[in-house]
């Protein structure tokens, strides 16, 4: 299992050998530092905690952050066998993670598939047509003034209440989203950049979890 934290920079495009245009998302991926190794014996589960974007200015480091002065901390859970198969682990003589080890884009390979998770764009309060894909109410002819994008009936005479889970207008977006099977088109090790085919969740600057 290969994993890394990154930050979305924006979208661009590259061209392959045949001149075909490929839309890509540029991600600043790592370097990340292992800040904690959790074990079943001590913590009850197996996980690796990574720190991303170290805070350099001391005045911005609050008291609870002094031991781990990073902007973002995230855990990657998994079985011991899967975690120990990482290039970082196998590179060590003892085959185990150590606090302070660094992980960068070199753990990934061009052409391989990854899944990317992040917080999607927030779209505010939206109606049922945009939020859930409803087609709207009735036709656009007689007696449908101001009713083209309404929800329609939301219940019945019994049980005289709105059923839990009914699709209705409300806040849209700004939720954790995962996109699978994204191909790594190009890796720039010097600048810690990943070019991933297609779109990933979030706006520019969104924290992304990349798992291969």
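Quick note: the coordinates plus some simple rules give every number you see, no bench work behind them. None of these values were measured; they are calculated from a predicted model. No Cβ is skipped: glycine too gets one built from the backbone with ideal geometry, and neighbour counts run over all protein chains shown.
Tell me whether the stretch 1-58 comes out rounded, prolate or oblate; compute the Cα gyration tensor, take square roots of the eigenvalues as a ≥ b ≥ c, and use a/c under 1.5 as the rounded threshold.
Since a/c reaches 1.5 but b/c is at least a/b, the shape of the stretch 1-58 is classed as oblate.
Let me check against my output: what whole-number percent is the relative contact order of the stretch 117-191, with C-alpha pairs under 8 Å and at least 6 apart?
46
Relative contact order for the chain: what percent, with Cα pairs under 8 Å and sequence separation of 6 or more?
Normalised by residue count, the contact order of the chain is 30 percent.
By its C-alpha gyration tensor, with a ≥ b ≥ c as the square roots of the eigenvalues, how is the chain shaped: rounded for a/c under 1.5, else prolate for a/b larger than b/c, else oblate?
Taking the square roots of the gyration eigenvalues as a ≥ b ≥ c, the chain is prolate.
Going by how many other Cβ atoms sit within 10 Å of their own, how do 45, 97 line up, fewest first?
45, 97
Using a Gaussian network model of the chain whose springs link C-alpha atoms within less than 10 Å, name the residue from 199, 128, 47 with the highest mean-square fluctuation.
In the Gaussian network model the winner is 128.
For 158, 15, what ranking results if the residue with the fewest other Cβ atoms within 10 Å of its Cβ goes first?
Sorted ascending by nearby Cβ count, the order is 158, 15.
Using just the helices of the chain, give the 222 nm mean residue ellipticity in deg cm²/dmol: DSSP H runs with n ≥ 4 each add -39,500 (n - 2.57), and the total is spread over all residues, rounded to 500.
Only helices count here, giving -1500 deg cm²/dmol.
Roughly how many whole Å is it from the C-alpha centroid of the stretch 165-212 to that of the stretch 108-143?
For the stretch 165-212 versus the stretch 108-143, the Cα centre distance is 15 Å.
Within 10 Å of each residue's Cβ, count the other Cβ atoms and sort 145, 40 from fewest upward.
145, 40
Give me the mean projected area, in nm² to one decimal, of the convex hull enclosing the Cα positions of the stretch 124-173.
If I average the Cα hull's projected area over directions, I get 4.4 nm².
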